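Engineer: Pasting a structure here, questions to come.
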């Protein structure tokens with residue numbers, strides 16, 4: 001594991017990651033920092049905790065509306081996949097079939 005020092009909303013954090021994951025982690029930190037700075041800059045939210053929650057909601061919204069890049073499912077959002085899987089598991093529960101496990 002490699003230790004990296006980052007700053008988010010002016011606060012320093014020390015994170016650990018595998019060397020192969022370093023660039024992706026740094027990109028994620030930049031994205032979170034930009035979102036939090038944007039929320040703070042709006043002037044509507046002042047506490048760091050609320051800024052973090054609002055930024056997390058925005059990022060989650062981005063993730064859930066992200067589309068698969070190409071192929072037959074290119075126009076389906078990630079959030080739609082999750083809802084469809086949840087609906088299928090509910091139907092399976094109704095007929096007594098064990099639910100399909102999601103992979104993280």
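The values are calculated or read from the model by the stated rules, or taken from the named source; none is laboratory data. Given the structure is predicted, the values throughout are model-derived calculations rather than measurements. Here the Cβ is made from the backbone with ideal geometry for all residues, glycine too, and neighbour counts use every protein chain on show.
Engineer: Having 3 or more residues that are in contact with a strand residue (DSSP E or B) (Cβ under 9 Å, 6 or more places away or on another chain) and at pLDDT 90 or above is the bar; report the helices (runs of 4 or more DSSP H) wholly within segment 8-104 that clear it.
Structural biologist: Of the helices (runs of 4 or more DSSP H) lying wholly inside segment 8-104, those with at least 3 residues that are in contact with a strand residue (DSSP E or B) (Cβ under 9 Å, 6 or more places away or on another chain) and at pLDDT 90 or above span 22-41.
Engineer: While we're looking at this one, here's another question. Restricting attention to segment 7-20, and to residues there that are surrounded by 13 or more Cβ atoms within 10 Å (Cβ to Cβ) and free of Cβ contacts under 8 Å to residues at least 24 places away in the same chain, which single residue is nearest to residue 55 (Cα to Cα)?
Structural biologist: Filtering first and then ranking leaves 15.
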